[in-house]
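Remarks on the structure that follows.
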């Protein structure tokens, strides 16, 4: 799953930078974010040190911001920053269940008030993976994509992200006998986001890509 997430994210960003008129790159790239969102839920449920996990995300977000701006030509806050906010919401919601809806509302407003990548969409998808039974994930993600389209029809390509959730739900059935046996080292998984953005920014500068 980690390798799939990294490869599809790389494809997405190559498409944005070098082939902005070819939507096929963006369609493939829609697979990446749900996998990262699911990874945050897994990390939240399994980490032995929540504080260290949060600070690692914040550190990666800070390191990634300049390469993110230079490579994608945007002033938005990068997706790791978004994931850090979502993780904070999960922590607050579970530690203070009486204030769960308030925590979610504050997190969602923060993601929309500031230019966080994916905004409310990221938080809702992570909440789906965290709190809904897996059998409801596909229909819930479909409803989220429909809402996203109604709010912004230009974001229609996000509908293809449903394939990532289909994979997460049915991978143990459809790929039960498939064992890839390849897991990237932790340092590769953690450093890939800022490293690939920096590399793409350098290549784009060398090629004078606007």
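The values are calculated or read from the model by the stated rules, or taken from the named source; none is laboratory data. In this text, all values refer to a predicted model and were calculated from it rather than measured experimentally. We place every Cβ from the backbone using ideal geometry, glycine too, and count neighbours over all the protein chains shown.
Return the pairs, sorted by first residue and then second, in which the second residue is modelled with pLDDT of 95 or more and in a loop (DSSP other than H, G, I, E, B), the first residue lies in region 134-160 and is surrounded by 12 or more Cβ atoms within 10 Å (Cβ to Cβ), the beta carbons are less than 7 Å apart, and the residues are 6+ apart or on different chains.
Within 7 Å, the pairs are 140/132; 157/30; 158/30; 160/30.
Would you tally the residues in region 89-109 being closer than 13 Å to residue 122 by Cα and surrounded by 16 or more Cβ atoms within 10 Å (Cβ to Cβ)?
5
Quick check on this structure: which one of 204, 140, 148 is at pLDDT below 95 and touching a helix residue (DSSP H, G or I) at 6+ places or on another chain (Cβ under 7 Å)?
204
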